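To keep things clear, I will list the structure first and then write my remarks on it.
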Ligand code: G3P
Ligand code: MG
């Protein structure tokens, strides 16, 4: 079952602010959202940082992999200028900074574990432990999710009390066995690849169901009619927190 918000701001501020930055989370909050999704991976020194790409160049100026830099170095890098001059100076946030922001503002967290290739298990273990450590402060339990089954298995070992969701692009036919092995409570999938029968099977088996990344009201309504519990959106201006 799904006990979390129905509308989730993708990467904090969707299309309105630089992804995975404190400015992005503040933007989601300013639009009334009570839930955010963001991506977490490890810096060279094993500290979890909030970034989507495992390399620099798109949202952060520079070159190389995220794991080529310590968190303190990444923490000094500009993650806002790529989006717009007014966001210059936004930094790559540490996971702990984002968790503190969410705690302070009552934002529920869908923490996507985004391991760099080769770092699946360690990323799952470390991010889950960090999320569990933050839980005392955050109050409302987050939901961990990942496309990486080894990362989720390690998260389960590291913080068994935290809920997990298995992420897919298209939901495979053996989704239930795979989710069951990981003790996952929800399936997250690409809305473009979801059909009604699969949605019904997931809901009928008692799992939560979230779709990403839904940017049209008509599509969101159709998904909710199919039984989808929640959608993650980039159009936080169009699909608000009280969308129905
Ligand atoms: O967690 C949902 C969605 O964020 C997964 O894809 O690439 O946007 O992280 P991506
Ligand atoms: Mg994500």
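Computed from the coordinates by the stated procedures, all read-outs in this text should not be read as laboratory data. All values derive from a computational prediction rather than experimental measurement. Note that each Cβ is placed from the backbone with ideal geometry, even for glycine, and that neighbours are counted across all protein chains shown.
Data for the structure
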| item | result |
| --- | --- |
| Rough spin-label spacing in nm, given labels placed 7 Å along Cα→Cβ, for residue 141 and residue 197 | 3.4 |
| Value of relative contact order over the chain, rounded to a whole percent, pairs C-alpha under 8 Å and six or more apart | 20 |
| Least to most buried among 188, 10, 65 (fewest other Cβ within 10 Å first) | 65, 188, 10 |
| Footprinting exposure proxy for 7, 226 (fewest neighbouring C-beta atoms within 10 Å first) | 226, 7 |
| Relative contact order %, the range 53-127, counting alpha carbon pairs below 8 Å whose residues are six or more apart | 19 |
| Inter-probe distance in nm under a simple model that places probes 7 Å from Cα toward Cβ, at residue 169 and residue 26 | 3.6 |
| Modelled FRET efficiency - R0 35 Å, residue 190 with residue 44, Cβ distances, 0.05 increments | 0.65 |
| Inter-part distance where the range 178-244 and the range 97-147 are each reduced to a Cα centre, Å | 21 |
| Calculated FRET efficiency for the pair residue 100/residue 76, C-beta based, R₀ 30 Å, to 0.05 | 0.95 |
| Length gained when the stretch residue 88-residue 52 is fully extended (0.36 nm per residue, less Cα-Cα span) | 11.1 nm |
| Under the Debye formula (equal points on every Cα, no solvent term), log10 I(q)/I(0) of the chain at q = 0.12 Å⁻¹ | -0.63 |
| Relative contact order (%) - the range 1-141, alpha-carbon pairs under 8 angstrom, separation at least six | 24 |
| Sum of -39500 (n - 2.57) over DSSP H runs of 4+, divided by residues of the chain (222 nm, nearest 500) | -9500 deg cm²/dmol |
